[in-house]
1. Would you mind computing, in nm to one decimal, how far apart the modelled labels at R95 and N146 are, each placed 7 Å from Cα along Cα→Cβ?
2. Need one number: the % of Cα-Cα pairs in the chain sitting beyond the 35 Å mark.
3. Just to be sure I understand the model, the point goes 7 Å from the Cα along the line to the Cβ. What's the resulting S210 to D154 distance in nm?
4. From the Cα gyration tensor of segment 163-240, with a ≥ b ≥ c the square roots of its eigenvalues, which class applies: rounded if a/c is under 1.5, or else prolate if a/b is larger than b/c, or else oblate?
5. Using a simple spin-label model with points 7 Å from Cα along the Cα→Cβ vector, what separation in nm is obtained for N119 and Q255?
6. Using mean Cβ contacts within 10 Å as the protection proxy, how do 133-142, 178-187, 71-80 order, highest first?
7. Expected output is a single nm value to one decimal: the length gained when fully extending between T41 and H218, i.e. 0.36 nm times separation in residues minus the C-alpha distance. What is it?
8. Given segment 44-154, report the % of alpha carbon pairs whose separation exceeds 16 Å.
Amino acid sequence: MKTLNRIILYTFLIVFGACSSDDDSDTTTTPTTPVDSYDITSILSKFDNIPGVSYAINGDVVQITTDDLPNHGSPYWETTHPMYEAYNGDNPNWRKNPNLIESQNIVFTIPLKPQEATNKEATPLGPIGVTVNGIVFYNQYAGPNNQPLTNEIDSFDQYLGHPDARGNYHYHIEPTFLTDTFGKSGFLGLLADGFPVYGPEENGGPVTNSDLDEYHGHVGVTPDFPNGIYHYHVTTEAPYINGNGYFGSPGNISQ
């Protein structure tokens, strides 16, 4: 009888021990990345093999260098340039400004792990970000005194860009060459704070200013960031690309 009791006890201990081990393994969970911890390293491959664009990672920043020459036609090329294209857009008030496209040397030093800034900085006139084809983004104002784009918009070419007095070709509003190429919800580029810019649609529908915060962005899943990231959108109304300053802390821009 004692022998039988021992057998029953040993059997109970073995079974209980096995069940306890199984329960421990079932409660093990994989940590998830916090929603405010981002890394844009994976998006940099979008800039591979773009003529006139190069990048290099240096610690916790990436340096993106561009000659700022568009890979599409424009009436702002010299008429002898192989990419010269007379204006064929749909703006009846179009007028060519006196500037021509010139090669630049613009270097963006951008954080690889962008974070929301405690103190938001206003975007300056001039470059505030770089597109996936190496053209720079400008903000919603015309120089020199932060004027609305009301008049300047009539000088945008058929791809909605134009050069300034230094020959810097740039986009203030939706770069239609890119949205035609990559789709209305496609990745368009990065602002200097490291956060990505996407087109004017998301989840199959248009994005409006009311969908975005005062910096013209929001947090959400994108095709490139399935765990979600703060990102900007271009829209059809001012401020078009960016609102009342950078959401994150911008890196350095030199030219």
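Nothing in this text is a laboratory measurement; each read-out follows from the coordinates by a stated rule. If you're wondering where the values come from, they're calculated on a predicted model, not measured in any experiment. Cβ sites come from the backbone with ideal geometry, for glycine too, and all protein chains shown count toward neighbours.
1. Using points 7 Å along Cα→Cβ, the separation is 2.6 nm.
2. 26
3. Each label point lies 7 Å from its Cα, and together they span 3.1 nm.
4. Since a/c reaches 1.5 and a/b is larger than b/c, the shape of segment 163-240 is classed as prolate.
5. Between N119 and Q255, the label points sit 2.6 nm apart.
6. 133-142, 178-187, 71-80
7. In short, 61.7 nm is gained.
8. So the pairs more than 16 Å apart make up 70 percent of the total in segment 44-154.
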